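The values are calculated or read from the model by the stated rules, or taken from the named source; none is laboratory data. Just so you know, these numbers come straight off a predicted model, no measurement behind them. Backbone-built Cβ (ideal geometry, glycine too); neighbour counts: all protein chains shown. These area figures cover heavy atoms from the full protein model, side chains too; ligands, DNA and RNA do not enter into them. Shrake-Rupley method; radii C 1.70, N 1.55, O 1.52, S 1.80 Å.
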Amino acid sequence: ALWGPLSFYTAYLIWRNRPERHLFQFLVSTGQIYGDIAYYLTAAHRGFADSSPHPYYFYFYFVFMNSLWILFPALIIRSSGLAIVRALAATNPASAKKKRS
């Protein structure tokens, strides 16, 4: 029930180019990946009973098209995670000293 409003709020933060967008992108993308993995696992547990038996439909629609819902959030997690780490490193004086040495 929270993912929809949280996604809209994240889109608003991205639109306004707010720095806290990275935290919310990370959170929403993690939830998306969790949901996709749960979707794949429940379909596998049911023996893919709800999938089309035709191999084209199964591999293109079920496997490939749904895997994009894992790929793109993973890329966003990586990008936002790196932005968060860079921001934390910039505020940590010990980290800055290690880079200079």
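Numbers below:
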item	result
Tyr34/Ala89 FRET efficiency (R0 25 Å; Cβ-Cβ; nearest 0.05)	0.35
Heavy atoms of Phe26: accessible area, 1.4 Å probe, square angstrom to 10	80
Net charge of Cβ neighbours under 11 Å - reference Phe26; Lys, Arg +1; Asp, Glu -1	+1
Order by protection proxy (mean Cβ within 10 Å, highest first), peptides 29-38, 47-56	29-38, 47-56
Probe 1.4 Å, all protein chains present, accessible-area order of Leu13, Leu68, largest first	Leu68, Leu13
Within region 22-40, backbone nitrogen closer than 15 Å to the virtual label 7 Å beyond the Cα of Ser7 toward Cβ	25-37, 39
Along each principal axis, Cα extent of the chain, largest first, Å	59, 33, 21
5 angstrom amide H check on Ser51, placed H, neighbours 5+ away	none
